[in-house]
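Derivation of every value follows stated rules applied to the coordinates shown; laboratory data play no part. Everything numeric here is computed off the predicted structure, so don't read it as measured data. Positions of Cβ are generated from backbone atoms using ideal geometry, with glycine treated the same way; all protein chains shown enter the neighbour counts.
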Amino acid sequence: MLGVCNQRTMETKARMVLEEYCPECLRNIAAIPIEQLIEAMGLDIDYQYLTKNGDKVLGKLICSDGVTPYYDMELQKYMFLKVSAKTILVEVRLSEHDNKGRYRFTLAHELAHWILHKELILSDNTEAAFIDGVHNTRMEKQADYFASALLMPMGAVKKYYYSLFGKGYSRSNLITAMAENFQVSKQAMQIRLESHNLI
């Protein structure tokens, strides 16, 4: 059963992770180095073609040694890949295209599953997968919120927001500037700002 993990708790947990593994991230008004954070926490990142068309499954968290399906581009069919525990698999096309926000959010989302849900995933003998457009389960919503809190720490977001506030930015331009600074999508930044009544 998925434990209670409200937004305040996830904000606190995200801040604690940053304090432990990247304390300068809480002082700097800059993008969180998500790959370095993942590696500092002892996880590996691997890039694979997770689906034939590069849609739907964008990332997977592997919690135990085993195999997982992937798409072999040379053979043009699905195969099984041997995987090691503590690995985040990322759809390789995310890193190839100019989609830095989606790529970084996928990494943060899978890291969120590791921090929040690894015991549940291990007990169910499943893998967590970030599936594009499927965020309706409680576990996925928690991972989304935690990823936002990790990539956009509210203290840093507020500092940057107030440094721009009153300087003639339209709502749209403000969101764009902040999204670029934190290297997230405009949609992710808009949701973050709206959820804290900043816009």
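Taking a ≥ b ≥ c as the square roots of the Cα gyration tensor eigenvalues, with a/c under 1.5 meaning rounded and otherwise prolate when a/b beats b/c, else oblate, which class fits the range 148-187?
Values: a/c = 2.64, a/b = 1.35, b/c = 1.96.
The shape class here is oblate.
Across the range 71-81, coupling constants 3J(HN,Hα) worked out from phi with the 6.51/-1.76/1.60 Karplus curve, θ = phi - 60°, read 9, 8, 5, 6, 7, 6, 7, 6, 9, 10, 10 Hz, and Gly and Pro carry x. Annotation: amide H of I45 within the under-5 Å range of I88, sequence separation 5 or more or interchain, hydrogens built in the peptide plane.
Quotient of the Cα radius of gyration of the chain and 2.2 N^0.38 Å, N being its number of residues: 1.05.
For the chain, C5, C63 have no disulfide-compatible partner, since no other Cys C-beta lies under 4.7 Å from theirs.
For V57, the residues 5 or more places off, or on other chains, whose built amide H falls under 5 Å of its own are D132. Spatially, the range 38-65 and the range 142-191 are offset by 26 Å when compared through their Cα centroids.
What the pair-distance distribution of the range 59-102 shows, using all Cα-Cα distances binned every 10 Å from zero, is 25, 45, 30, 0 percent.
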